[in-house]
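Structure first, then comments.
The values are calculated or read from the model by the stated rules, or taken from the named source; none is laboratory data. The structure displayed is predicted, hence computed values, not measured ones. FYI the Cβ positions are ideal-geometry reconstructions off the backbone, even for glycines, and counts take in every protein chain you see. These accessible areas exclude ligands, DNA and RNA; they are computed on the full protein's heavy atoms, side chains included. Shrake-Rupley method; radii C 1.70, N 1.55, O 1.52, S 1.80 Å.
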Amino acid sequence: MTYETPVATTPPVVAPAAPTQGVALGRRRGVIATVVMALLALLWLFPLVWALVNSFREYDYTQVHGYLSFGGWTTSNYEQAWSQADFGLHMKNSLLVTVPAVLLTLWLSSMVAFVLARFSYRFNLTLLGVFLAANLLPPQALLIPVFRMFREIPLPYFLSDSGSMLNSFWALILVNTAFQMGFCTFVLSNYMKTLPYEIYESAELDGASVWRQYWQLTMPLVRPALAALATLQVTWIYNEFFWAIVLIQQGDKLPVTSALNNLRGEFFTDTNLVAAGSIIVALPVLVVFFALQKQFVSGLTLGSTKG
């Protein structure tokens, strides 16, 4: 009967603890970055908050005590600004331009982006470059050609009082759509390229047409990107002022951004009244942003991480 001699086992070697210097350095950098971003946010918000505060103050009080004082509170600036600038009419004009322009831009850009992302052909990148080239040209360089072209394009009188594209909302809708399509096409095409190609192969096996792949398969998957672009496009088109003063000569058809000029006096300008008008003009954009904030953030951050 034999006995086996037990083999002595060596205890496992425990790796030394990692130094905490890197963690402390990372925390220190995080604190510094937070402080810097907080200071930048305060610098950016200070003019907006100060304009909001002064919009509730009387002009005569600030002229006597200065803008660094507190007092002279009133809400009459908003009532006077709304009536004097006729914000009701100009808000409606901006609505008639912004909503169709945003919808048309996103719809056309999504179709072009789907073709660029879904199909591969020789002039794929060339077509995308042509759309991006429109964003490289300053609008001032196209002022005279666009003005002359719109002046020669006839429209029925029930669409335009002038009988042409000038002095019509269609002019602002089309010009904003043309200038914004390049950026939207670029963003949506890159977004659609991240979608798995296998879902399109499965759709083809099930007999789905190209239009059905675009409308029922791709569009629901790019809703975050569409929401993010919709927020940006509403802000840009709503605040657009250059093409409005070029293509619209009738005051009753100008958008709301031009209504602020009605608050300027002949000999002096009530800055508190203008501040109240600026807050009124900014409110619709803020409402859209906060309504689409969740989709806006998810649309910007999707694809930043893997897995």
Some residue of region 232-245 being farther than 30 Å from Leu116 by Cβ and in a helix (DSSP H, G or I): yes
Some residue of region 158-171 being within 23 Å of Val112 (Cβ to Cβ), modelled with pLDDT of 85 or more and assigned to a helix (DSSP H, G or I): yes
Of all residues in region 82-141 being hydroxyl-bearing (Ser, Thr, Tyr) and either closer than 15 Å to Asn176 by Cα or not in a helix (DSSP H, G or I) (or both), the one that is modelled with the lowest pLDDT: Tyr121
Some residue of region 205-218 being within 18 Å of the chain's Cα centre (by Cα), in a helix (DSSP H, G or I) and touching a residue at least 40 places away in the same chain (Cβ under 8 Å): no
Tally of residues being hydrophobic (A, V, I, L, M, F, W, C) and within 13 Å of Ile279 (Cβ to Cβ) across region 71-89: 4
Any chance Trp50 is touching a strand residue (DSSP E or B) at 6+ places or on another chain (Cβ under 8 Å), more than 30 Å from Met181 (Cβ to Cβ) and not aliphatic (A, V, I, L, M): no
Filtered residues of region 246-286 (kept if part of a loop (DSSP other than H, G, I, E, B), open to solvent by 30 Å² or more (accessible area, probe 1.4 Å) and within 30 Å of Ile144 (Cβ to Cβ)): Gln249, Gln250, Leu254
Selection count where residues are open to solvent by 60 Å² or more (accessible area, probe 1.4 Å) and closer than 19 Å to Gln233 by Cβ, scope region 112-135: 1
Condition met for Met149 (exposed (fewer than 15 other Cβ atoms within 10 Å of the Cβ) and under 20 Å from Leu104 (Cβ atoms)): yes
Test set (1) in contact with a helix residue (DSSP H, G or I) (Cβ under 6 Å, 6 or more places away or on another chain); (2) touching a residue at least 40 places away in the same chain (Cβ under 8 Å); (3) surrounded by 14 or more Cβ atoms within 10 Å (Cβ to Cβ) - Ala178 fails condition number: (1)
In region 191-204, the residues that are closer than 19 Å to Leu116 by Cβ and without any contact (Cβ under 8 Å) to a residue 12 or more places away in the chain: Pro196, Tyr197, Glu201, Glu204
Identity of the residue in region 41-81, modelled with pLDDT of 90 or more and part of a loop (DSSP other than H, G, I, E, B), that ends up least open to solvent (accessible area, probe 1.4 Å): Ser55
Filter pass, Ala171 being surrounded by 21 or more Cβ atoms within 10 Å (Cβ to Cβ), in contact (Cβ under 8 Å) with a residue 12 or more places away in the chain and not acidic (Asp, Glu): yes
